[in-house]
Amino acid sequence: QLQASGGGLVQAGGSLRLSCAASGRAFSTYAMGWFRQAPGKEREFVAAIAWGGGGLLNYADSVKARFTISRDNAKNTVYLQMNSLKPEDTAVYYCAAAHLGMGSKGEYGYEYWGQGTEVTVSS
């Protein structure tokens, strides 16, 4: 089970940190990804981190240099630090898990999904 949190309302240029807490004992064996869905749009990839120590990272071009994904295997948690937020970052953000995944951009490789946390960036 995945539980995402940390969303909220922020002004453009601001920052938020999303968290996704996972239940179970095998968290480190799962790649973790963040996806988002804006109103009226399809869900899209944001960032991902491979299983294990988190040495392999993957980002969507639209968030590179602004967002940072990280994981704390001791806390069964993955984070998404979002800086320099823009109104176009407004969406519901979902975390997802893929067993022994390498952090791919395709959502079909992810077996488990959290319920989503809403991020609204005002201009």
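Only lysine pairs 8 or more places apart or on separate chains count here, and in the stretch 23-123 those with Cα atoms under 23 Å apart total 6. So what is log10(I(q)/I(0)) for the stretch 51-110 at q = 0.26, 0.27, 0.31 1/Å, when the Debye sum runs over its Cα atoms only? One equal scatterer on each Cα of the stretch 51-110 leads to -1.38, -1.44, -1.55. Would you please state which residues of the stretch 32-62 a label at GLU118 would reach in this model, taking the label point 7 Å out along Cα→Cβ and a backbone N cut-off of under 12 Å? What the label zone holds, given the 12 Å backbone N cut-off, is 39. Tell me, what is the FRET efficiency for MET102 and ASP61 to the nearest 0.05, using R0 = 22 angstrom and their Cβ-Cβ distance as r? According to the calculation, E is roughly 0.75. With protein chains left intact and a 1.4 Å probe, residues in the chain average 51 Å² of accessible area per residue. For SER70, put the label point 7 Å out on the Cα→Cβ axis and report which residues of the stretch 15-40 keep their amide N under 16 Å from it. Under 16 Å, as judged by backbone N against the label point of SER70, lie 15-21 of the stretch 15-40.
The values are calculated or read from the model by the stated rules, or taken from the named source; none is laboratory data. Being a predicted model, the structure only gives us computed values, none of them experimental. Positions of Cβ are generated from backbone atoms using ideal geometry, with glycine treated the same way; all protein chains shown enter the neighbour counts. Heads up: the accessible areas ignore ligands, DNA and RNA and are worked out on the full protein's heavy atoms, side chains in. Shrake-Rupley method; radii C 1.70, N 1.55, O 1.52, S 1.80 Å.
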